[in-house]
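Reviewing the structure listed below.
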Amino acid sequence: QKEVEQNSGPLSVPEGAIASLNCTYSDRGSQSFFWYRQYSGKSPELIMFIYSNGDKEDGRFTAQLNKASQYVSLLIRDSQPSDSATYLCAVKGGTYKYIFGTGTRLKVLA
Amino acid sequence: GAVVSQHPSWVICKSGTSVKIECRSLDFQATTMFWYRQFPKQSLMLMATSNEGSKATYEQGVEKDKFLINHASLTLSTLTVTSAHPEDSSFYICSARSRSSNEKLFFGSGTQLSVL
C-alpha cells in the first residue's frame, strides 16, 4: 500500500463547477497535510495546509481533513480553466519527511 | 510566502560533465532542504535531505557519490550531478522548510537537466 494515494485522473469538470480532489494516507501518526498545485514544467506551489480535523477555507479553496478515516480532500469552487494543473497531496508525520502522492490531474473545461 | 530561488532553470550538458544546481532561501532561514527529481508525468521522488552543517541523508537507491549535496549555510544548498549521463536527465527541484512557517515546504522553480 502506498503511503499517500491519489487518483491520477484526469478529473474533468466544467468551468464554474466544484472540483473535488481526494487523498488517503497510511500513517496514522501524520500530523500535517498540504495541497500543492503544479503546472506542467513548473515546480509545485503551496495552496493549502491543514493540521486539524475539519474544514479550512481560503478563497475558492477548502481543505478537509478526517484523521479517523485518514483522508484529506481539496475542494475548488467556481473552477476556472486556469485551475487546470496537477494537484499534489503531501503528508508529514513525526519525522522530517514529507510524503507526496502521485498527484491528480485536473482539467477544467471552458 | 517564503521565496526559494533555484538556478539554473535549465542546463544542457555533455555526457561525463558535472553540473551544479543552487538552491537559496531568500527571506528565511532554511534549517532543512530537500532535493527531488521528477520525470515527466510522474510524482516527486525525494533524493536526499540536507541539514545545515551536516551530511545529507540520501534515500535508498540514490548514489551519494553521484549526487553531491552541500548545505553550507542556512540559506544555501547545492546539488552537484557528477559525471552526468543521459539517464540523469530530469527535472530537479529543491525545497526548503522554514523554521518559522510552521512546517510549510516551499519549492524552488526547478532545474531541467538534459544530458546529451
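The values are calculated or read from the model by the stated rules, or taken from the named source; none is laboratory data. Computed from a prediction, not measured in an experiment: that's the story for all the values here. All Cβ positions, even for glycine, are placed from backbone atoms using ideal geometry, and neighbour counts span all protein chains on display. The protein model used for the area step is the full one, side chains on, heavy atoms only, and it has no ligands, DNA or RNA in it. Shrake-Rupley method; radii C 1.70, N 1.55, O 1.52, S 1.80 Å.
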List the trypsin sites (Lys or Arg not before Pro) within the stretch A:25-92 that DSSP assigns to loop and that have no more than 10 neighbouring Cβ atoms inside 10 Å. A:R28
Please list log₁₀ I(q)/I(0) at q = 0.15, 0.20, 0.25, 0.28 Å⁻¹ for the stretch A:31-76, using the Debye equation with identical point scatterers on the alpha-carbon positions. -0.38, -0.63, -0.87, -1.01
Cα centroids of the stretch A:47-106 and the stretch B:44-74: how far apart, whole angstrom? 27
Once phi for every residue in the stretch A:98-110 is put through the Karplus expression 6.51 cos²θ - 1.76 cosθ + 1.60 (θ = phi - 60°), the whole-Hz ³J(HN,Hα) values, with Gly and Pro written as x, are 10, 9, 9, x, 7, x, 10, 8, 10, 10, 9, 8, 6
Using a Gaussian network for chain B with springs between C-alpha atoms less than 10 Å apart, which of these wobbles most: B:L79, B:L44, B:L68? B:L44
Where does each of B:81-91, B:21-31, A:8-18 land if you order them by average Cβ count within 10 Å, highest first? B:21-31, B:81-91, A:8-18
Between A:Y71 and A:D58, what is the label-point separation in nm under the 7 Å Cα-to-beta-carbon projection? 2.3
Sequence-distant residues sharing a close amide H with B:M47 (under 5 Å, placed H): B:W35, B:Y36, B:R37
Mind pulling the per residue volume of the convex hull built on the Cα atoms of chain B? Å³ is fine. 95
Checking buried surface per residue: for the stretch B:85-112, which residues lose a minimum of 30 Å² accessible area in the protein assembly relative to the chain alone (1.4 Å probe)? B:F91, B:R97, B:N102, B:E103, B:K104, B:L105, B:F107
Residues with amide H under 5 Å from that of B:S89, placed H, sequence gap 5 or more: B:V115
Enter the mean number of other protein chain beta carbons within 10 Å of the beta carbon of each residue in A:76-85, as an integer. 0
Across peptide A:36-46, how many C-beta atoms of other chains are within 10 Å of each residue C-beta, on average? 5
Stretch gain in nm, segment B:I12-B:E52, where the contour uses 0.36 nm per residue and the Cα spacing is subtracted: 11.5 nm
Based on the Cα coordinates of the protein assembly as shown, what is the per residue volume of their convex hull in Å³? 122
Once the convex hull of the alpha carbons of chain A is built, what does its volume come to per residue, in cubic angstrom? 95
Percent of beta bridges antiparallel (DSSP, the protein assembly as shown, rounded to nearest 5): 90
Which residues qualify? For B:L76, with a placed amide H closer than 5 Å and at least 5 residues away or on another chain, they are B:S25
For chain A, what % of the accessible area comes from carbon and sulfur atoms, probe 1.4 Å? 47
Computed E for A:N22/B:K20 - FRET, C-beta separation, R0 35 angstrom, nearest 0.05: 0.35
